[in-house]
Structures are given as C-alpha cells and as structure tokens.
Amino acid sequence: MTEETRRFGTEVGRLLDLVVHSLYSDREIFLRELVANAADATDKRRFMALSDGALALPDNAAIRISADKAARTIRIEDNGIGMSKEELAENLGTIARSGTAAFTSQLASAKPEDRPSLIGQFGVGFYSAFMVAEKVEVTSRKAGHEEAWEWVSDGQGEYTLKSAARGAPGTTILLHIKPDAEEYLEPIRLKTIIRKWADHITWPVEIEEDGKFEAATEGKALWRKNRSEITPEEYADFYRHVGHNFDEPFATIHWRAEGTVEFNALLFIPSQKPFMPVEESRESKVRLHVKRMFITDDAKLLPNWLNFVVGVVDTEDLPLNVSREILQSTPVLEKIRKVLVNRVLSELKAKAKDAEAFKAFLENFGSVMKEGIYEDTGHAAEIAALLRFASTKEDATTLDDYIARMPEGQSDIYYLAGDAAHLKTSPQLEGFAEKGYEVLLLGDAIDAFWPGRLGSYKEKKLVSVSQAGNLFAAGDVPEAITNLCTKLKEALGEDISEVTASSRLKDSPAMLVAAEAGPDLAMQRLLRRAGR
Ligand code: ADP
Ligand code: MG
C-alpha cells in the first residue's frame, strides 16, 4: 500500500512549536488531553449507536493505557467512534477552530500555572502529545467501516497516511517517548496523572501493570457525590474540565432537584470571560447525562443569555436510549430547563449582594444577560434587576436604587444610550440636572435595544432623554422664537418633522430630539447605519 505524505496546515506548524516549547514544565497534561479525546470519541459512538445498532459499543468498552519500557512507547487505546482517512487529515492535520492567533497571545500573557488549561480550551489538545513524543502513530478505524488508517508524524511539518489493519473500530495512539520523558513510562506515574486530571471520566480508564489492566479511576461522577464529600479543588478541576476554562469558578451551583422531575445538576459560572471563536455557537453547552451516561451537549438546557454557564445535568427521568426526536419533544427537558434557569437566577441574586465581586461578573457577562431582556420577556424584569448602570449621579446603580433616588415629580426612568465616550457630555442631558433628574448612561452596543423592549420597570416607564421633549415644553414662547421655528422648519423641510421651543437647553442653542413614539436617537443611528 502506498504511503501519502502531507504537510500540516500552516497554523499547525506554529502551534506545535508553541505547545511543545512553552508548556514544557506541564508536559504531563498530554495524558489528560489524549484520554479526554478517547472519552469524547467513546461518548460519540455511544450516541450514534442509539440510532444505528450496528455501531454499538462492546460491553467492555474502556480506555486502555500501556507503557513498554524496552520499546520506549506508550499506547492509548479506545473503542470510540474512530476516524476515517479524511477525518485523520482534517482533525489531526489542520486546526478547525481558527484560534491560533488568539491562543498565541493568550499563552504569552497567561500566568505559567494557567497555561496547561489553555491547551484544552483552544481545542489543540492532540498536539500536546508532541511534548513527550518524538513520533506519534495514530491507527484508527471508524465505526461502521472495514478499513483502518495509520497517521504518523514527528511533529516537524509533515505527516504520512497509509492503509492499516485494526481488528475492531476505535483508535490507538502510540507515542514514541523522547529520551528526556522516560518518567512517563512508569505505570505508577501514569496512574497518578490520571487520578489528578481525569478522575471524572465516566468511561473506565485502565492502566496495564504486570501484564494486567487495572482500573485507574474511581469512576464515580462528581455531580452524584454529596457536596460535603467534594473539596473546592475537586470542584475547580472539574469546572476546568467541562468548561475548557482555566480560571476559578465565580459560582458553583450543585444540587439535587426532587419533585416533578428529578436530576443532579452541577453548574458553574466562570470568573473570567472565556475565549470564544466567532464561529462558536451562542447556544448553551451544558451537558445532559442520563443515569451518568453522557447524551449530548446541545440539548439547550439553558437559554442563550446564560450561555456562559457550564456544567452537567444528570437525570433518571429519561430513558438511556433517548433519541434526538425524544429530546426535542419531551416535557421532561422543558421542566428541567425551567428549574435550571430559576436556580441560576437565584444564585445570581445572592451573588449580587457583594457589589464589588458582582461588578466583575457584569463586566464579563452583563451584555449577554441584556440579550435576555430582549429574547426572554418572561425573565426580563429579573434580569434588569441584576444589572448596574452608570448614571449622571452614580458610577454604577441598580434600577431599584435609581427609583429610590427619584425626586418628587419624576415619574419615569430616564436613560441616554450611545457611544460610551460621549454620553457624559451630550447636550441631550441639558435640563435634567436642573430638574434634579438622574439619567442612566448606557454605553453598551446592545443598550440601544433592550430599554425599548423592557418598556417599564416596577411600573416606571423607561424613557430615552432624546424622546423626553414634552418634559420641557416652554410656557410663553416669544413671537420671535415662534417665527424662528417656522423658518427653521421651512429651511430643513422633510429632514425633520417639527421645530419647537423648549426650556431644556442651557448651553447649546439647539438640539435634535426624537418623537415620543418610535425609535430613539441611538436606535435611529443604528438603523441608518444598517441602511434602513
Ligand atoms: P478537541 O478535542 O478540542 O476537538 P483535539 O486537538 O484534542 O481538539 O482533537 C482534535 C480532534 O481530533 C477531535 O475533535 C476529534 O475529532 C479528533 N480525535 C482526537 N482523538 C481522537 C480519538 N481518540 N478518537 C476519535 N477522534 C479523535
Ligand atoms: Mg481534545
């Protein structure tokens, strides 16, 4: 059989260099990454087998690791979905997610202790094999296919592909260990690494010792343990694993729901904004398990405006062989979703009591939450209550505190949306200070949208200052001014709808206002830019 030599995608070469050289002191994570890939592949096969019985996993499906000191190799074998020839080239020879540039810059600025987790986060885990191996051989047979393929590379810019033999579907990764990485040929060392990094893998992980394969993990799903049995470190490790994140969780929410629907949930809110490639979907990736088995991460367990929450939900109320169709129609998921969103909201309410800590949360995820006001009217008021805004009086205020400060005579909530840098000096604000009316200064891009959608908060209307013209209706207008208004209207014609006198302006001679009905000025600007 002929052998084919191909070059890595240009990004891969740079990345390999970076991974191999900058993560030297954390080389042991190669095992975590390869075992995680094997577990993902086994999950995938299990899920595919639900609709195609021919793909069913063998009963003893596991991830098996063995080291051969004489040959200086480590072998990692799985019963997963496997890869076809083209998938080998695509998955191991190019970088699907275009994150290299971002990865490079984050890696450069990350603290050394954060670097190992960056690798998993950017989906470049496989390449970490080259930290310990001078040559990597991947033999894979895709489930449902007869033929197997072998991918071989020394990580120096090229790889080869050739036809191979493999008795059953799955993937074998053979690492030819570098002379300075011989420590990893000790089974006990491998076991320690697995216990440290991969204890929550739900498939059996076995390591060969004295000719026998022995279980290396406890295999008890963390989310099924009691809170009292779990240390903060275990929570944080698991969080980094499911979220591909490298920070500490801002909030850890772990509970067992009982009642109309029963499940265990372990959810985390990140303390930092994760890197998100543009093409990444906006949908919640919270994982759904049934009786511990991973089913899918696209059951949309949380709404888009909580897409930053990561974690696992594990229920007994669905059958193990749940299909995609059932997932789409079952009322069980509807019930679970409802419980989850309320639980996360109440956690956020509790967290909001610590204003300083909550500020960082809002900086990271406030804009995403605002999308919820737009998309999820059922929760809009609760979301609005959590947010904080700059105003003409405060650096950051809640809507409730704003209302508490409203002077006698003020009945609406006033805001000015626009470009953050210019809000404070906008002529639109003239007149409000004199009246003692506070104005919220909304500088986020999405701020042009949600106030109109929310309409009112606690029965106080949200009014754009650019539409609050009648607040300043002038009393007796001198004839000269009335004439001027008429002349201006004649001169400007159809570009404006009317010119009126106002008591509002103090320093500026004239200003634009928007009609009370319809889009405010910030929204009109956006619409013009969009060419409407
Ligand atoms: P990620 O796991 O984040 O996608 P990796 O670099 O770890 O990134 O792996 C790249 C891809 O290679 C995986 O998405 C998967 O498609 C494929 N792959 C890696 N290891 C295996 C395996 N053992 N079995 C099947 N596919 C695998
Ligand atoms: Mg991976």
query = Here are some pairs, Lys85/Lys191; Lys111/Lys135; Lys435/Lys460; Lys85/Lys196; which of them have Cα atoms lying more than 23 Å apart in this structure?
reply = Lys85/Lys191; Lys111/Lys135; Lys85/Lys196
key: Acute angle (nearest 10 degrees) that the helix 29-49 long axis makes with the longest principal axis of the chain, alpha-carbon atoms   = 90 degrees
query = Counting other C-beta atoms within 10 Å, which of Thr231, Thr171, Thr482 has the fewest, and how do the rest follow?
reply = Thr231, Thr482, Thr171
Fraction of alpha-carbon pairs over 17 Å apart in region 341-408 - percent = 43 percent
request  = Can you put Arg504, Arg14 in order of Cβ neighbours within 10 angstrom, beginning with the fewest?
outcome  = Arg14, Arg504
request  = Select from region 33-85 those trypsin sites (Lys or Arg not before Pro) which occupy a DSSP coil region and have at most 12 other Cβ atoms within 10 Å, ordered by residue number.
outcome  = Lys69
note = Here D for region 408-527, in µm²/s, from Stokes-Einstein with a Kirkwood Rh over Cα pairs at 4 °C and 1.567 mPa s, works out to 84 µm²/s
remark   = Quick shape summary for region 212-282, equivalent ellipsoid via Cα gyration tensor, semi-axes whole Å in descending order, reads 24, 19, 14
query = Extension gain Cys485-Glu375, at 0.36 nm per residue separation less the Cα-Cα distance, in nm?
reply = 35.4 nm
task = Output the Kirkwood hydrodynamic radius of region 174-235, Cα pairs only, in Å rounded to one decimal.
result = 13.4 Å
ask   = With all pairs of different alpha carbon atoms counted, what Kirkwood hydrodynamic radius in Å does region 464-532 show?
value = 13.4 Å
task = May I ask you to compute the full-extension gain from Gln328 to Asp476, defined as 0.36 nm times their residue separation minus their alpha-carbon distance, rounded to one decimal in nm?
result = 46.8 nm
note = Taking Cα atoms only, helix 232-243 is inclined relative to the longest principal axis of the chain by an angle, in degrees rounded to 10, of 90 degrees
query = What residues qualify as long-range amide H neighbours of Tyr457, i.e. H under 5 Å apart, gap of 5 or more or another chain, H built at 1.01 Å from N?
reply = Leu462
inquiry  = How much length would be gained if the chain were fully extended between Ala357 and Glu408, taking 0.36 nm per residue of separation minus their Cα-Cα distance, in nm to one decimal?
reply    = 15.0 nm
remark   = If Ile81, Ile413 are placed from fewest to most neighbouring beta carbons inside 10 Å, the sequence is Ile413, Ile81
message = Quick check: the angle from helix 10-22's long axis to the longest principal axis of the chain, C-alpha only, nearest 10 degrees?
response = 80 degrees
request  = Mind listing the long-range amide H neighbours of Lys135? Cut-off is under 5 Å, sequence gap 5 or more, other chains count too, H placed in the peptide plane at 1.01 Å from N.
outcome  = His176
message = Could you give each residue of region 201-218 its phi-based ³J(HN,Hα) in whole Hz, using Karplus coefficients 6.51, -1.76, 1.60 with θ = phi - 60°, and x for Gly or Pro?
response = 5, 8, 8, x, 10, 10, 10, 7, 9, 6, x, 10, 8, 10, 4, 9, 10, 6
query = Given labels modelled 7 Å from the Cα in the Cβ direction, how far is it in nm from Glu218 to Lys461?
reply = 6.0 nm
message = Over the chain, what portion of Cα pair distances is larger than 43 Å, expressed as a whole percent?
response = 35 percent
request  = Within region 195-236, report the GluC sites (Glu not before Pro) that DSSP leaves as loop and that have at most 12 other Cβ atoms within 10 Å.
outcome  = Glu218
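A short reminder: the numbers here are calculations on the coordinates, not readings from a lab. Every value quoted in this text rests on a predicted model; they were computed, and no experiment measured them. Cβ: placed from backbone, ideal geometry, glycine included. Neighbour counts: every protein chain shown.
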